[in-house]
1. Counting only the backbone N, which residues of segment 46-68 are under 17 Å from the spot 7 Å out from the Cα of Gln115 toward its beta-carbon?
2. Within segment 2-123, how many Lys pairs sit with Cα atoms under 23 Å apart, leaving out pairs fewer than 8 places apart on the same chain?
3. Can you list the chymotrypsin sites (Phe, Trp or Tyr not before Pro) in segment 1-102 that are in a DSSP coil and have 16 or fewer other beta carbons within 10 angstrom?
4. For segment 1-124, what does the relative contact order come out to in percent, with C-alpha contacts under 8 Å and a separation of six or more?
5. Could you list Glu3, Glu122 in order of exposure, starting from the residue whose Cβ has the fewest other Cβ atoms within 10 Å?
6. Dipole of segment 2-123, Cα-centred, from +1 at each Lys and Arg C-beta and -1 at each Asp and Glu C-beta, to the nearest 20 debye?
Amino acid sequence: MLESLGYVNELIAQKFPDTLVLPAFGNNDTKYHDNPVPDDDAPFFYEYVFNLWFKLLPGNQKLLKKKQIDAIFNSFQIGGFYRVDLNEKVSVLSLNTLYYDSERTRTDATGSGVQQMFWFQEQLR
């Protein structure tokens, strides 16, 4: 999976070197189809993908300020979700919807999906 994400990232970097690209996770972007990253793998996985998307894409490096990248990292490392303010009136929220599967039984109050919902509520204020 990581190899595939890296390959796609290289293509985006080559074809869109001056473009802001704000990716989101899809249902096949983790180790197990239609499931979020297992907790044991999450720290490595989210740091790896963060580096691909926000440090190695040249457009993102050119167009995002350090403060924006730091803010992205703070929420991204929790569960692959983030916010980018493009200007005072336009923001992009990228949610990791792999947490919203009715088949999942995780109900603990500290899980990444729950943390994402608390984060999302804060973004709406």
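Every read-out reported here was derived from the displayed coordinates using simple, explicitly stated rules and does not represent laboratory data. Everything quoted here is computed from the prediction, not taken from an experiment. All Cβ positions, even for glycine, are placed from backbone atoms using ideal geometry, and neighbour counts span all protein chains on display.
1. Residues passing the 17 Å test: 46-51.
2. Number of lysine pairs found: 11.
3. Tyr32, Tyr100
4. Working: 130 pairs, mean separation 31.7, N = 124.
Result for segment 1-124 is 26 percent.
5. Working: Glu3 7, Glu122 10.
Listed from fewest to most nearby Cβ atoms, that is Glu3, Glu122.
6. Values: 11 positive and 16 negative charges, 113 e Å.
I would put it at about 540 debye.
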